[in-house]
Amino acid sequence: MKSGTITKVAGPLVIAEGMRDANMFDVVRVSEQRLIGEIIEMHGDQASIQVYEETSGLGPGEKVESTGIPLSVELGPGLIGSIYDGIQRPLNEIMKVAGTNLTRGVDVPSLDHNKKWSFKPSVKTGDNVKSGDTLGTVEETAAVLHKILVPNNIEGTIDSISEGEFTIDEVVAKIKNDKEVKEIKMFTTWPVRNGRPYKKKLSPDILLTTGQRPIDTLFPLAKGGVAAVPGPFGSGKTVVQHQLAKWAAADIIVYIGCGERGNEMTDVLNEFPELKDPRTGNSLMERTVLIANTSDMPVAAREASIYTGITIAEYFRDMGYTVALMADSTSRWAEALREMSGRLEEMPGEEGYPAYLGSRLAQFYERAGRVIVNGTEDTEGALSVIGAVSPPGGDISEPVSQATLRIVKVFWGLDSNLAYKRHFPAINWLTSYSLYTDQLENWYAENAAPDFMELRGRLLALLQDEAELEEIVNLVGMDALSAPDRLKLESSRSIREDYLHQNAFDPTDTYTSLKKQVLMMRVILSYYDKALETLNKGADIELIVNIPVRERIGRFKYEAEDNIEKEFDSIESQLDSELEDVLKRSEDFA
């Protein structure tokens, strides 16, 4: 054990001398209380350590010991359904040891080393295997089949493999190569700052369906893609992430509460076990890992929580699963970087953030992707990352938002004005964008509708026209508009209120299939096209905008999935007959 002595304590930063034998990013134990820290800078024999626990009461002269290993996580059965702090300590186990007050220096294993799991081999003695191959499976929950993989850099022939009940510390298989026989257990450790290897990265050309209309239709996220959700307080970032956790086409959810307020994280911890998983009907926690790092916990642990979360997500990706990671919020992590940078007396960048802010964010987001994972067979896994950003006052010109936008391909800009109008999700359709749209064009044509992109383009064009017409209305009033422009405004209102507004608490409206999204777009655009045709034949605009069928168009989103085609046909025939009636009445009146 390499040890040194504390010379300075400045908040979460501890400086120790006599650490010549230690390495960068080694985990250290600080003082008699054995607080967990990590070396982030070395100058000769002097180490700068960021401590992941409260440092009050520490002083010069106390001992620091290096463990000689980097900050790592335990990966194996027992992850799913767990609630961890930023350095992968299970909060439930800490409570058993320390009570409700989180005491310092508590050391509990990340996984349960006493529980027995039922291991079923997938290979037999004599089979050749290499890194990433599945040795066997453990049914961790009803929703997740946990695959025990051949660890990295190990290949050879199966010397022996056992079936039965084992703890994660017991040997379940032995792999023999030319030099030695390796014993394989059901768990492994991995340094959090290193991305897990894979064979090949694939193009992001498959949609990660979410059932959220503004996202799937206008600003889609590809499987293995990265998205940012910036927005001011109260604009619905957390609700958007809850909806994505519940409805996105992902097998595993990893939710990181990174420096969020304690009450918000409490909501997540209370709600997730209560949320019903639409896939299985059981608790959503049966396919979720939660990492809770609240704003009153030490700031340095925010960085650890981000890396801990994405390493666990990569582990499940390597099993061939589609994983969605929610980080709420990366702004709090950036604030922790700013504090540590200030205490290290580094040259500050814009607004006091470190000059390396952009590269740190990029290192995190680039670990997302749709990949061919290691192993004999070409198995596909995907890790999509959705990062919430909390810019002060909703001002996205600040450095964290700008650095994030330079990296991510999808921007769901939440708007406080829409939130105040109770329009949720409050994604502003004029400022948001997705750079995956072109790559997803063929996927939409094959899986949704051949003309999906055309319908989407028309919706966006109408919304853009509405924004320009609103300026005229604000200046000179509605009466100054021509009849076709008034029809544009009415149709755009229908897009906004009937299509883009989605009620997360309505059992039918909370999720919309792509098939239903297509029909909803068709019915709104059908009204616009047919009404415009009727208008050009001389019909009265007042009669056109007030036809009764518009009420049914608005309520179409509450129609059950098994009845949508019948309802669509019924609305279309009512629309035709009512517009004919309007034209007749207009001619009679003329």
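Can you give me the C-alpha center-to-center distance between the stretch 1-38 and the stretch 488-535, rounded to a whole angstrom?
Cα centroid of the stretch 1-38 versus Cα centroid of the stretch 488-535: 60 Å apart.
Setting aside same-chain residues fewer than 8 positions from LYS179, which lysines have a Cα under 24 Å from its Cα?
List returned: LYS124, LYS130.
Hey, could you get me the Stokes-Einstein D for the stretch 337-401, Kirkwood radius over alpha-carbon pairs, 10 °C and 1.306 mPa s, rounded to whole µm² s⁻¹?
In µm²/s, the coefficient rounds to 109.
So for ARG29, ARG458, what's the accessible-area order with a 1.4 Å probe, most first?
ARG458, ARG29
Express in Å², to the nearest 10, the accessible area of PHE25 obtained by rolling a 1.4 Å probe over the protein heavy atoms while all chains stay in place.
70 Å²
Can you tell me, using C-alpha contacts under 8 Å and at least 6 residues apart, the relative contact order of the chain as a whole percent?
13 percent
Just the number, please: carbon plus sulfur as a percent of the accessible area of the stretch 450-580, 1.4 Å probe, no ligands or DNA/RNA counted.
About 49 percent, which is the carbon plus sulfur part of the accessible surface.
What is the sum of charges, Lys and Arg at +1 and Asp and Glu at -1, for the other residues whose Cβ falls under 12 Å from the Cβ of LEU361?
+1
When only alpha-carbon atoms count, how far does the stretch 149-308 stretch along each of its three principal axes, as whole angstroms with the largest first?
Result for the stretch 149-308: principal-axis Cα extents of 60, 40, 33 Å.
Starting from the residue with the highest accessible area, list PHE233, PHE316 in decreasing order, probe 1.4 Å.
Heavy-atom accessible area, descending, gives PHE233, PHE316.
Which order do LYS176, LYS566, LYS530 take by accessible area at a 1.4 Å probe, largest first?
LYS566, LYS176, LYS530
Counting other Cβ atoms within 10 Å, keep those with at most 10, restrict to DSSP loop, and tell me which GluC sites (Glu not before Pro) in the stretch 1-91 are left.
Passing sites in the stretch 1-91 are GLU32.
What Kirkwood hydrodynamic radius do you get for the stretch 411-456 when you take the inverse of the mean 1/r over all pairs of distinct Cα atoms, in Å?
12.2 Å
Enumerate the lysines that LYS115 could reach by cross-link, defined here as Cα to Cα under 23 Å, with residues fewer than 8 away along the same chain left out.
LYS96, LYS147, LYS174, LYS185
Under the Kirkwood approximation for Rh and a Cα-based Rg, what ratio Rg/Rh is obtained for the stretch 90-222?
Dividing the radius of gyration by the Kirkwood radius yields 1.08.
Among the DSSP beta bridges whose two residues both lie in the chain, what percent are antiparallel, rounded to the nearest 5?
Antiparallel bridges make up about 70 percent of those DSSP assigns within the chain.
With every protein chain present, what is the per residue accessible area of the chain (1.4 Å probe, Å²)?
Dividing the accessible area of the chain by its residue count gives 42 Å².
Solvent-accessible area of MET24, probe 1.4 Å, all protein chains present, reported in Å² to the nearest ten, please.
Near enough 90 Å² of accessible area.
May I ask you to evaluate 6.51 cos²θ - 1.76 cosθ + 1.60, the Karplus curve with θ = phi - 60°, for each residue of the stretch 214-224 and list the ³J(HN,Hα) values in order in whole Hz, giving x for glycine and proline?
x, 7, 4, 8, 8, 10, x, 10, 7, 4, x
Could you work out the relative contact order of the stretch 103-176? I mean the mean sequence separation of Cα pairs under 8 Å and 6+ apart, divided by the number of residues, in percent.
Relative CO of the stretch 103-176 lands at 35 percent.
Could you work out what % of the accessible surface of the stretch 105-248 is carbon and sulfur, using a 1.4 angstrom probe and leaving DNA, RNA and ligands out of the count?
Within the stretch 105-248, the accessible surface is 45 percent carbon and sulfur.
So what does the Cα-only Debye profile of the chain read at q = 0.07, 0.10, 0.11 Å⁻¹, as log10 I(q)/I(0), no solvent term?
Each listed q maps to, in turn, -0.51, -0.92, -1.06.
Can you give the accessible area of TYR558 in Å² (nearest 10), computed on protein heavy atoms with a 1.4 Å probe?
Using a 1.4 Å probe on the heavy atoms, I get roughly 80 Å².
So, counting K/R as plus one and D/E as minus one, what does the shell of residues with Cβ under 14 Å around SER341 add up to?
Summing Lys and Arg as +1 and Asp and Glu as -1 gives -4.
From Cα pairs below 8 angstrom and at least 6 apart in sequence, can you work out the relative contact order of the stretch 428-531, rounded to a whole percent?
29 percent
Please report the Cα spread of the stretch 468-524 along all three principal axes, rounded to whole Å, starting with the longest.
Its Cα atoms span 42, 23, 14 Å along the three principal axes.
The values are calculated or read from the model by the stated rules, or taken from the named source; none is laboratory data. Remember, it's a predicted structure, so these values are computed and weren't measured experimentally. FYI the Cβ positions are ideal-geometry reconstructions off the backbone, even for glycines, and counts take in every protein chain you see. What goes into the accessible areas is simple: the full protein's heavy atoms, side chains included, and nothing from ligands, DNA or RNA. Shrake-Rupley method; radii C 1.70, N 1.55, O 1.52, S 1.80 Å.
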